[in-house]
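Trainee: If you scroll down you'll find the structure; I have some questions about it.
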Amino acid sequence: MDSRHDIELSVNGDTHRISVQARRLLSDALREDCGLTGTHVGCEHGVCGACTVLIDGRPARACLTYAMQMEGHEITTIEGLGGTDGYSPLQQAMQDEHGLQCGFCTPGILVTFEAYLRDNPDPTEDEIRDVLSGNLCRCTGYENIVAAVKKAAAGMRGEPE
Amino acid sequence: MKPVAFDYQRPASVEDAVALLQAHGRSAKLLSGGQSLGPMLNMRLVRPEVVIDLNDLLELDYVREAADVIEIGALTRHHRLATAPEILRALPLLAYAAATIGHFAIRQRGTIGGSLVHADPAAQLPLVAVTLAAEIVLRSAAGTRSIPAADFLQNVMTVDLNEDEMVVAIRFPKPSAAKAGWGMRLFSRRRGDFAIVSAAVWLRRNPDGRLADMRLGLGGVAPVPFRLHDLEDPDDEGAPGESWASDLAGQAAQRVEPEDAPGLPAVYRRELACNLLRGALTDALSLAGERHG
Ligand SMILES: Cc1cc2nc3c(=O)[nH]c(=O)nc-3n(C[C@H](O)[C@H](O)[C@H](O)COP(=O)(O)OP(=O)(O)OC[C@H]3O[C@@H](n4cnc5c(N)ncnc54)[C@H](O)[C@@H]3O)c2cc1C
Ligand code: FES
Ligand code: FES
């Protein structure tokens, strides 16, 4: 039961060959085995949203997922959002609107909304707040985060500022 | 907060999954969305020797519509329940209930089978399954059986599931859509938290406005969600009047016996049940009316 398994994790398009126990949380595998520390860990029971990553493009708690489950799946973390051109439009809007203070909650929020805005390019403010309810920000900068998401959505729809 | 060491199995078919269950019995735990099992493993409230991951069983991720029933595979995620066109059309109460579960990210992973087996007294899907008289379809290496949701849910986090069985599907009878209405009201202290109390209503009116059929369900006031069968018979006094919803909700509140809990005295839950049911009844009635035009 304590034995290790050699697995391949596909993260942001890169393949990581790691050796893990079956109980290894995806959040720990990303941070400690793959060295991708942008995914944060808060509560480890699904509540705070800090560990959220994309699995095949859908947001999921990395702390409620085991690394071994991810063989054959594509993971996207905060490190994979911007690409070579720097920030994604959502990341840029977060900076412009001062949507982060300490930044602990930010990666989880960004990956969640990257996926959400793809499916829902024109959300109402209430819908944005509903999605944001899944991520706790202890610096409580929610107003600016909502503003950033609105701005990013408008920009991605090609609307002038 | 890390799980105990366990063996990990990833069956490729339902046959393989039930064979593994038969081999490992009580020492195994099935893993679907992991949105309830994950926290329990991390907190070591459960300590399985083997975790059997069902996530490759795409054969259990489906919504199938027949003439009088909608069958939903156990691995169907909450997000799909909330957005599938067949469900939005034929079982809008279920779609709404699913859309209110936890948060966007939770709904991408959590499954209907997992929610029913976890059987949290405040959970939305067990309440809707009981209210709409769904059947739970169970499978073991020995065969298949099905059981009404109200019998499946036995107590707080306790269901009628043998150690060699798994849930494979949930079957919802398709209610008639003509002059039908539904309502669901929940109260939680923070968006996305489990509701403290919830109420679900489905009803149908005759062309003359009188009630033809009604189902009333309450969650969060007893160990399992339940229907208020004795209040469901439509009386023959004509179309529901001004005070119909508050009268009925008042009678329902008399029948619930919630337990006192720290910070949540029984009277508070009873009051919530009354208010939420009144709201759900009002919503259902007006939807049933509007459709008629
Ligand atoms: C932050 C947060 C908020 C939440 N809020 C809500 C909420 O408001 N309302 C709500 O209802 N739920 C809520 N949930 C729980 C969520 O709905 C879970 O998805 C659900 O309770 C369990 O489904 P799952 O697929 O994740 O099951 P899992 O966690 O994988 O499993 C749950 C249990 O069911 C068993 N099981 C799983 N699949 C099967 C099967 N096919 N056959 C037999 N046994 C099986 C498992 O062994 C385990 O005992 C929340 C969860 C989190 C983390
Ligand atoms: S660390 Fe995963 S949700 Fe908090
Ligand atoms: S910016 Fe500090 S927790 Fe959100």
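The values are calculated or read from the model by the stated rules, or taken from the named source; none is laboratory data. As the structure is a computational prediction, the values presented were derived from the model and not from experiment. For neighbour counting, all protein chains shown are included, and Cβ atoms are generated from backbone atoms with ideal geometry for every residue, glycine included. Just the protein is used for accessible areas: all its heavy atoms, side chains included, with ligands, DNA and RNA removed. Shrake-Rupley method; radii C 1.70, N 1.55, O 1.52, S 1.80 Å.
Trainee: When the solvent-accessible surface of protein heavy atoms is calculated with a 1.4 angstrom probe, in what order do B:MET184, B:MET43 fall, highest first?
Mentor: Working: B:MET184 10, B:MET43 85 Å².
Output order, biggest surface exposure first: B:MET43, B:MET184.
Trainee: Report A:GLU143's accessible area, 1.4 Å probe, all protein chains in place, as a number in Å² to the nearest 10.
Mentor: 120
Trainee: Carbon and sulfur together cover what percent of the accessible area of the stretch B:182-287 at a 1.4 Å probe radius? Walk me through the numbers before you get to the answer.
Mentor: Numbers: 2460 of 5150 Å².
Percent of accessible area from carbon and sulfur atoms in the stretch B:182-287: 48.
Trainee: Quantify how much of the Cα-Cα distance distribution of chain B extends past 31 Å, in percent. Walk me through the numbers on the way to the answer.
Mentor: Details: 12521 of 42778 pairs.
For chain B, the share of Cα pairs beyond 31 Å comes to 29 percent.
Trainee: Probe radius 1.4 Å, ligands and nucleic acids ignored: give me the carbon and sulfur share of the accessible area of chain A as a rounded percent. Please list the in-between numbers first.
Mentor: Details: 3250 of 7050 Å².
Summing carbon and sulfur atoms, their accessible area is 46 percent of the total for chain A.
Trainee: Spelling out what I want: for every residue of the stretch B:196-205, take phi, set θ = phi - 60°, compute 6.51 cos²θ - 1.76 cosθ + 1.60 (Karplus), and round to whole Hz; glycine and proline get x.
Mentor: Listing the rounded values in order: 7, 9, 9, 9, 10, 9, 10, 8, 9, 10 Hz.
Trainee: Taking the 0 to 90 degree range and rounding to the nearest ten, how far is the long axis of helix B:14-24 tilted relative to the main principal axis of chain B, both from C-alpha atoms?
Mentor: 70
Trainee: Enter the buried accessible area of the A/B pair, total of both sides, probe 1.4 Å, in Å² rounded to the nearest 100. It would help to have the intermediate numbers written out before the result.
Mentor: Values: alone 8450 and 13690 Å², together 19290 Å².
Using a 1.4 Å probe on protein heavy atoms, the buried area is about 2900 Å².
Trainee: Using the heavy atoms of the protein chains alone and a 1.4 angstrom probe, what is the accessible area of chain A per residue in square angstrom?
Mentor: Details: 7050 Å² over 161 residues.
Value for chain A: 44 Å² per residue.
Trainee: Okay, moving on. Report the convex hull volume per residue for the stretch A:4-80, counting only C-alpha atoms, in Å³. Kindly include the intermediate steps, with their values, before the conclusion.
Mentor: Working: hull volume 5.6 nm³, N = 77.
Residue-normalised Cα hull volume stands at 72 Å³.
Trainee: Which residues, if any, in the stretch B:176-211 lose at least 50 square angstrom of accessible heavy-atom surface (probe 1.4 Å) when the other protein chains sit next to their chain rather than the chain being alone?
Mentor: B:ARG190, B:ARG191
Trainee: Bins of 10 Å, beginning at zero and ending with the bin holding the largest distance: percent of Cα pairs per bin for the stretch B:103-232, please.
Mentor: Percent of pairs per bin, in order: 12, 39, 33, 14, 2, 0.
Trainee: Oh, and also: How much of the DSSP bridge set in the protein assembly as shown is antiparallel, in percent, rounded to the nearest 5? If you can, show how the numbers build up before the last one.
Mentor: Numbers: 56 of 65 bridges.
Within the protein assembly as shown, antiparallel bridges account for around 85 percent of the total.
Trainee: If you don't mind, another one. So if R0 is 45 Å, what FRET efficiency would B:MET43 and B:ASP247 give, r being the distance between their Cβ atoms, rounded to the nearest 0.05?
Mentor: On the way: r = 44 Å, r/R0 = 0.99.
That pair, B:MET43 with B:ASP247, gives E of 0.50.
Trainee: Once a ≥ b ≥ c are taken as the square roots of the eigenvalues of the Cα gyration tensor of the stretch B:128-190, is the result rounded (a/c under 1.5), prolate (a/b larger than b/c) or oblate (a/b not larger than b/c)?
Mentor: On the way: a/c = 3.21, a/b = 1.48, b/c = 2.17.
Oblate, since a/c reaches 1.5 and b/c is not below a/b.
Trainee: Just the accessible area for B:HIS78, please: 1.4 Å probe, Å², rounded to the nearest 10?
Mentor: 10
Trainee: Something else: Could you work out the helix-only [θ] at 222 nm for chain B, with each DSSP H run of four or more residues adding -39,500 (n - 2.57) and the total divided by the number of residues, to the nearest 500 deg cm²/dmol? Kindly include the intermediate steps, with their values, before the conclusion.
Mentor: Numbers: 11 runs with 101 residues, N = 293.
Computed ellipticity for chain B at 222 nm equals -10000 deg cm²/dmol.
Trainee: At a Förster distance of 30 Å, what's the computed FRET efficiency of A:ASP6 paired with A:ASP119, Cβ-Cβ distance as r, to 0.05? Provide the component values of the computation, followed by the final result.
Mentor: Numbers: r = 35 Å, r/R0 = 1.17.
For A:ASP6 and A:ASP119, the calculated efficiency is 0.30.
Trainee: Using a ≥ b ≥ c from the Cα gyration tensor of the protein assembly as shown (square roots of the eigenvalues), is it rounded, prolate or oblate, where a/c under 1.5 gives rounded and otherwise the larger of a/b and b/c decides, a/b for prolate? It would help to have the intermediate numbers written out before the result.
Mentor: Numbers: a/c = 1.94, a/b = 1.34, b/c = 1.45.
Oblate, because a/c is 1.5 or more while a/b does not exceed b/c.
Trainee: Okay, next question. For A:ALA154 and A:ASP126, what does the FRET efficiency come to when R0 = 25 Å and r is the distance between their Cβ atoms, rounded to the nearest 0.05?
Mentor: So, using R0 = 25 Å, E works out to roughly 0.95.
Trainee: At a threshold of 8 angstrom on Cα-Cα distance, excluding pairs fewer than six apart, so keeping six or more, what relative contact order does chain B reach in percent? Intermediate values should be presented prior to the final figure.
Mentor: Working: 647 pairs, mean separation 46.0, N = 293.
Computed over chain B, the figure is 16 percent.
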